[in-house]
Amino acid sequence: MAESTVYELSSEGRLGIKFPTLDVPETELPINFLRDEVPLPELSELDVIRHFTNLSRLNYSIDGGFYPLGSCTMKYNPRINEVTARFQRFTCTHPFQPAETVQGNFAVMYLLQEWLKEITGFDAASLQPAAGAHGEFTGGLIIRAYHKSRNDDQRTKILIPDSAHGTNPATSSMSGFGIVNIPTDNRGNIDLRALDAACDKSTAGLMLTNPNTLGLFEENVLEIIDIVHKAGGLVYGDGANLNALLGIVKPGELGFDIMHLNLHKTFSTPHGGGGPGSGPIVVANYLADFLPEPIVGVIEEGNDEIPPLYGFVYPKNSIGRMKSFHGHFGIIVRALTYLLMQGKDGLREISDHAVLNANYLMSLLKNHYTLPFNRTCMHEFVLEGIWEDVHGVHALDIAKRLMDYGFHPPTNYFPLNVKEALMIEPTETENKQTLDLFADAMLAIANEAHETPDLLTSAPHNTPFKRFNEVKAAKDLIVCCSIPGKN
Amino acid sequence: MDTPKGYKFSKTDEWVKVDGNSAKIGISDFAQGQLSDIVYIEFNKETGESIDKGQVLATVESVKAAADVNSPISGKVIEVNEGLSETPELLNEDPYENGWLFKVELNNLSDLDELFDTKGYDEFCESRH
Amino acid sequence: MFIPHTDKERQEMLKTIGKDSIKDLFTDIPQSKRFPTLDLPDGISEMEARKQMSILADANNSCDEMINFLGAGAYYHYVPAAVDLLIQRGDFFTAYTPYQPEISQGTLQAIFEFQSLIANLTGMEVSNASHYDGATAAAETCISAYHHFRKKRGNIILSPFIHPHYLETIRTYLQSISEIEIRIPDISNPIDFKDAIRKLVDNKTALVMAQYPDFLGNIINYSSVSSFAHENGALFATIVYPIALGILKPPADMNADFVVGEGQSLGLPLNFGGPYLGFFTTRKELIRKTSGRIVGETVDEDGKRGYVLTLTAREQHIRRGKATSNICTNQGLNALAVTIYLSLLGKHGLKEVAYQCYQKAHYIASQIDKIKGFKVLNKQPFFNEFVIQCPSDAKEIQNNLLEKGIIAGYNLESDYPSKKNQLLIAATEQNTREDIDYTVNSLREVTNG
């Protein structure tokens, strides 16, 4: 049965929460500006608790099961993060409080800036961007500002591999650049010749995800970066896949100039059903002046007895402010808690096991699904979700059938340069038994595809809901609850 | 469905059907198949507006994709098939007749020479599979 | 410590892969750069991490330990216990973006309800699933307006009494679009915006935008601004403080085309500035020009009502370079918190909170006005925020009050250089009479007024 909406559960006169009696003398309200009624529902506290509890039960989540979504890094979200993030002295601080009353907050932000710089090998950081795409946009604007500062007006294009995430070209457009697509070669690397041919005086930069969305480390990464630098462009790193590189290599040392990170991927902060995330940006020292303002710095050095005095610092040629206030502080607290617990050895262990898990799973599946690139993968790998000898079954159907086996499907239809792609990222927090069970399910489905394909094309069968009519949703465009008694 | 004769096609899957001084423009059966269920059409040009070859005339949106309709020819818009907004599925069902998008006045007949004829377009589509 | 592997399992897995050690999986990394030293401390236990974070937190003084009158875009409202406990359910906070609707109806229905509540609150036809915050929602509004007119209209007119951070963010977002010109009239009285736009709006204007109540707290009827914009073919948008809509007329009544704003006051803690939530509403016919996720109602194969992400063809993962925005997430869990808050408060609760905010603010304003040398400067009606002129150095007054445990509002001079020694004071339902009286007396004391 479908769950009712809050409007359908509403009953006139019900109150969910009472407030204290007004303790000040009353002033007249501005008569010309008063509204009649607030069209919100009326529910009791139990109504609300029950409704949202029941809704939560309709969700699949990491807490509930394996979530091998490629490039999303669905690792376990530690509970201690939720505890520290809820300390009253963090949650009840106003962004405009006098600096001397929030030194703890500044220290948290400063520490995270330092950790992220050291992990990635960069010189300066900003924690202001609200999400990965926001960090990318920040990066695009920094690239633009950099070339402008050198009076280089011709830098109008960004090079993007054809395997790139959709945010990359969208970001480039938003930052005012044209896009040049660079093809992938048959080893899954960027086609070096095509890259070289595309690089000229109009090249503002290259947006590179490494490992790329095929889960492969660019074998010619040093050469790639060199080609772009020689042409006068900058290399932007999409840090979505950083989970493979912690303690393995520092992108800054490979020559990347600027990178965004996803705290809600690599650094264990929750996905929240679609946010909030956080997308800090790290840069080489020649780009530090362009960072969005403000960033956290040391205003006065400390010594053995007194801690340093922290405060906001305004980069000289800042691109400006990317949003209101300072950044997603609540998410920053969680990421710092996680990092403190990992320490330098813990970080290396994460990538070691993320890559171990992915290669193990790939080994189990590669004889039953087509592997477009037969190389050691990093933290994720891509399979083709079709078979030559089976017609009418696509990656989508495999994905839907996996739900019957109790698993969330991998990312499908991405990256675009693989047919019927299934992008699988197990993450380091999954144990061998889970991976074996998942592989068993994938094998069973491969057999079903050959013997009883209907089971796939009509899947899912065992989930709370079946396949939805997406065409109807787009045509009818009902985006609000109907209010019983109105309409 | 069979590709109709007398139509000309662009590499980006638009068709032109000349009728005297005017012509109709639409998208091919191949294009509508790639998009699958079309849910919305955004017309970018109005009656009376001039159009250049290659310009975006409209955007066709389905559940899984959004594609630009690029003008195969240059000229001036005489009529827009606004009614399609109510029944976008016509583009899927009848792309060559009732699913026409624009009626235009051509101003450069030689634009047509660069387009595929029916046979050429069929071969082109074959090579893409 | 969240890695479950045993030595035995590692060996078995390596054997299956056909490698001797995990190190051998990294041969693609250039050798000279492989396995760098990380100049970072060793890892610690949960107990120690908790202690370290606790020490950092204790270096703060928080609003619940002091008396707070800071607003300026983030407000210290009461967050009911049910909100935070519901969003801590693992099924909500450890779920991903609902791309597989069959197993994500919890998230999808919650967003659908969010959209409905916000649309109804603002009086607009549709809402999206949220932006990062009020500032980016305002910036995205400018971009939507620009694309609505197919880039043929590039003038954007903004009121100078929009939150300074929002104005800065808009400038940042639009800096790479050369056809856009931002015009902000040079006026010192907020009400003068109504006349000022008459000289600025022309047939190249895409959007006129103002804030309600504005940054200085003023409630202004922008109907004439809206009409004039529309007469000239432009769109009109307001940025709104949602709690105020508990008692104030929604901007839809002023024929706004877009109503956006900051949702923090609807059940999100202050959190030193984030993560917050930008709500974004518009008219149905403009929906395709807007960015951000939208959830729509439909049915499944069995005819059961449910919800899916819809109009996704506009978004970056499909349109890629042609998308009008690169936005990928919405503020997920925060949108859920807002949905729960509004459901819990409902029609009467929100009205009550708004009413109390108004009353507390007017009480303290009237008391401050009586102190020698102080004056409430607002000439327009205000909701819960207002400006006072101080008789002496405002910074010093704030410092003195801080020593008494009071955060005395926001100093306006850094944003408006001509407003010397003026403070922006906000009050919410959490300010008690006792605290207000203590604050007023303290002001009197430190200025010998």
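Bin by bin, in steps of 10 Å, what percent of the Cα pairs in chain C do you find, going until the bin that has the longest distance?
Whole-percent P(r) values from 0 Å outward: 4, 18, 25, 23, 17, 9, 4, 1, 0.
If I stretch the segment between C:SER178 and C:ASN448 completely, what's the gain in nm (0.36 nm per residue apart, minus their alpha carbon distance), one decimal?
Details: separation 270, 0.36 × 270 = 97.20 nm, distance 5.39 nm.
Between C:SER178 and C:ASN448, full extension yields 91.8 nm more.
How large is the Kirkwood hydrodynamic radius of the range C:331-449, in angstrom, based on all distinct alpha carbon pairs? Don't skip to the answer; put the middle values down first.
On the way: mean 1/r = 0.0642 Å⁻¹.
Roughly 15.6 Å, rounded to one decimal.
Tell me, how many Å apart are the Cα centres for the range A:414-460 and for the range C:1-78?
The range A:414-460 and the range C:1-78 have Cα centres spaced 30 Å from each other.
When you count, for each residue, the other Cβ atoms within 10 Å and take the mean per peptide, how do A:296-307, A:5-16 rank with the highest first?
Ranking, from highest mean packing down: A:5-16, A:296-307.
At 1.4 Å probe size, with no ligands or nucleic acids counted, give the accessible surface of C:ARG444 in Å², nearest ten.
Using a 1.4 Å probe on the heavy atoms, I get roughly 80 Å².
Bins of 5 Å, beginning at zero and ending with the bin holding the largest distance: percent of Cα pairs per bin for the range C:81-341, please.
Binned Cα distances yield the sequence 1, 6, 13, 18, 19, 16, 12, 8, 4, 2, 1, 0, 0.
Mind checking the mean number of beta-carbon atoms from other chains within 10 Å of the Cβ atoms in A:407-416? Before the final figure, lay out each step's value.
Details: counts 1, 6, 4, 0, 1, 2, 3, 1, 0, 2.
If you average over the peptide's residues, the count of other-chain Cβ atoms is 2.
Describe numerically, in nm with one decimal, the distance between label points set 7 Å from Cα along Cα→Cβ at A:TYR76 and at A:GLU26.
Rounded to a tenth, the inter-label distance reads 5.6 nm.
Find the accessible area per residue for chain A; the probe is 1.4 Å, ligands and nucleic acids are left out, and the unit is Å². Don't jump to the answer; show the numbers that get you there.
Working: 16460 Å² over 487 residues.
The answer is 34 Å² per residue.
Once both labels are modelled 7 Å past Cα along the beta-carbon direction, what's the A:ASN317-B:SER85 spacing in nm?
Between A:ASN317 and B:SER85, the simple spin-label model gives 4.7 nm.
Give the distance, in whole Å, between the Cα centre of the range A:111-155 and the Cα centre of the range A:169-188.
Measuring centre to centre over Cα atoms gives 18 Å.
Evaluate the Debye formula for the range A:81-341 with equal point scatterers sitting on the alpha carbons, no solvent, and hand back log10 of I(q)/I(0) at q = 0.07, 0.08, 0.17 Å⁻¹, in q order, two decimals.
Scattering profile of the range A:81-341, log10 relative to I(0): -0.24, -0.32, -1.30.
I'd like the Karplus ³J(HN,Hα) series for the range A:417-424: coefficients 6.51, -1.76, 1.60, θ = phi - 60°, whole numbers in Hz, and an x wherever there's a Gly or Pro.
Result, rounded to whole Hz: 8, 10, 5, 6, 5, 10, 9, 10.
Residues of A:343-356, mean number of Cβ from any other protein chain within 10 Å of their own Cβ, rounded to a whole number? Walk me through the numbers before you get to the answer.
On the way: counts 7, 7, 4, 7, 3, 4, 6, 2, 3, 8, 7, 1, 3, 11.
Across A:343-356, the average partner-chain Cβ count within 10 Å equals 5.
Hey, what's the Kirkwood Rh for the range A:1-111 if you take every pair of different alpha carbons, in angstrom?
Details: mean 1/r = 0.0502 Å⁻¹.
This gives a value of 19.9 Å.
Just the Cα atoms of the protein assembly as shown, one point each, no solvent: what log10 I(q)/I(0) does Debye give at q = 0.05, 0.09 Å⁻¹?
-0.31, -1.07
Using modelled backbone amide H atoms (1.01 Å from N, in-plane), which distant-in-sequence or interchain residues come within less than 5 Å of A:ILE190's amide H?
A:ASP185
A:LYS432: which lysines have alpha carbons under 26 Å from its alpha carbon, excluding same-chain residues fewer than 8 sequence positions away?
In chain and number order, the partners are A:LYS75, A:LYS265, A:LYS344, A:LYS366, A:LYS400, C:LYS8, C:LYS15, C:LYS19, C:LYS23.
List the lysines whose Cα lies under 16 Å from the Cα of C:LYS375, skipping any in the same chain that are fewer than 8 positions away.
C:LYS419, C:LYS420
Show me the helices of chain C, taken as full DSSP H stretches, that run 24 Å or more along their long axis by Cα and average 0.5 or above in Kyte-Doolittle hydropathy.
Working: long enough: C:105-122 (25 Å, 0.53); C:332-369 (43 Å, 0.22).
Helix filter hits for chain C: C:105-122.
Going 7 Å from the Cα of C:ILE55 in the Cα-to-Cβ direction, what parts of the range A:278-307 have a backbone nitrogen less than 13 Å from that spot?
Taking a point 7 Å out along Cα→Cβ of C:ILE55, the residues of the range A:278-307 whose backbone N falls under 13 Å are A:305-307.
Sorted by accessible area with a 1.4 angstrom probe, largest first, how do A:ARG375, C:ARG198 fall? The partial results should precede the final answer.
Numbers: A:ARG375 15, C:ARG198 120 Å².
Listed by decreasing accessible area, they come as C:ARG198, A:ARG375.
Partner chain Cβ atoms within 10 Å, averaged over the residues of C:407-416 - can you pull that number for me?
Working: counts 5, 0, 1, 2, 2, 0, 0, 0, 0, 0.
Whole-number average of other-chain Cβ neighbours for C:407-416 is 1.
Please find the FRET efficiency linking B:VAL56 to A:HIS391, where r is the Cβ-Cβ separation and R0 is fixed at 35 Å, and quote it to the nearest 0.05. Present the calculation step by step, with values, prior to reporting the outcome.
Details: r = 36 Å, r/R0 = 1.02.
After rounding, the FRET efficiency stands at 0.45.
Please work out the Kirkwood hydrodynamic radius for the range C:1-68, using every pair of different C-alpha atoms, and report it in angstroms with one decimal place. Don't skip to the answer; put the middle values down first.
Working: mean 1/r = 0.0592 Å⁻¹.
Radius from the Kirkwood sum: 16.9 Å.
Using only the alpha carbons of the range A:278-321, what is the convex hull's orientation-averaged projected area in square nanometres? Present the calculation step by step, with values, prior to reporting the outcome.
Working: hull surface 16.3 nm².
With the hull built on Cα positions only, its mean projection is 4.1 nm².
Principal axis extents for chain A, Cα atoms only, whole Å, descending order, please.
77, 65, 46
Of the accessible area of the protein assembly as shown, with the probe set at 1.4 angstrom, what percent is carbon plus sulfur? If you can, show how the numbers build up before the last one.
Working: 17320 of 37630 Å².
Its accessible area is 46 percent carbon and sulfur atoms.
Under a point spin-label approximation (7 Å from Cα along Cα-to-Cβ), what is the B:SER36-B:ASP2 distance to one decimal in nm?
Distance between label points: 2.9 nm.
What does the accessible area of A:LEU58 come to, in Å² to the nearest 10, when a probe of 1.4 Å is used?
Here the residue's solvent-accessible area equals roughly 40 Å².
Can you figure out the FRET efficiency of C:LYS372 with A:GLU114, using R₀ = 35 Å and their beta-carbon distance, to the nearest 0.05?
Values: r = 50 Å, r/R0 = 1.42.
The calculated FRET efficiency here is 0.10.
Can you tally the lysine pairs in the range C:81-341 where the Cα-Cα distance is under 18 Å and the two residues are eight or more apart, or on different chains?
Working: C:LYS151/C:LYS204; C:LYS151/C:LYS289; C:LYS151/C:LYS322; C:LYS152/C:LYS204; C:LYS152/C:LYS289; C:LYS152/C:LYS322; C:LYS289/C:LYS322.
Number of lysine pairs found: 7.
Measuring from centroid to centroid over Cα atoms, what is the spacing of the range A:344-407 and the range C:91-134 in Å?
If we compute the Cα centre of each part, the gap is 31 Å.
Across chain C, where is the longest run that never hits GluC sites (Glu not before Pro) in a DSSP loop with at most 16 other C-beta atoms within 10 Å?
Values: sites that count: C:GLU65, C:GLU125, C:GLU179, C:GLU301, C:GLU413.
Between exposed loop sites, the widest span is C:180-300.
Once you treat every alpha carbon in the range A:135-196 as an equal point and sum by Debye, what is log10 I(q)/I(0) at q = 0.25, 0.29 Å⁻¹?
-1.03, -1.15
Sort C:ARG305, A:ARG193 by accessible area with a 1.4 Å probe, largest first.
Numbers: C:ARG305 60, A:ARG193 200 Å².
Final ranking, largest accessible area leading: A:ARG193, C:ARG305.
Compute, for A:VAL180, the solvent-accessible surface of its heavy atoms (probe 1.4 Å) with the complete set of protein chains present, and express it in square angstrom to the nearest 10.
Counting only protein heavy atoms, the figure is 40 Å².
What FRET efficiency, computed as 1/(1 + (r/R0)^6) with R0 = 45 Å and r the Cβ-Cβ distance, is obtained for C:SER45 and C:ASP186, rounded to the nearest 0.05?
Values: r = 59 Å, r/R0 = 1.31.
Calculated transfer efficiency: 0.15.
Could you order peptides A:182-188, B:114-120 by the average number of other Cβ atoms within 10 Å of their residues, highest first? Mind showing how you got there, number by number?
Details: A:182-188: 16.9, B:114-120: 14.6.
So the order, starting with the most tightly packed, is A:182-188, B:114-120.
With the convex hull built on the Cα atoms of the range C:110-215, state its orientation-averaged projected area in nm².
Values: hull surface 29.8 nm².
Its Cα hull, projected and averaged over all orientations, spans 7.5 nm².
Determine the total buried accessible area between chain C and chain A, counting protein heavy atoms only with a 1.4 Å probe; round to the nearest 100 Å². Can you show the working numbers first?
Details: alone 24090 and 25220 Å², together 32030 Å².
Interface area, both chains combined: 17300 Å², rounded to the nearest 100.
The values are calculated or read from the model by the stated rules, or taken from the named source; none is laboratory data. What you see is a predicted model, and the numbers here were worked out from it, not measured in a lab. With ideal geometry, Cβ positions are generated from the backbone for all residues, glycine too; neighbour counts draw on all protein chains shown. Note: areas computed on protein heavy atoms with side chains; ligands, DNA, RNA excluded. Shrake-Rupley method; radii C 1.70, N 1.55, O 1.52, S 1.80 Å.
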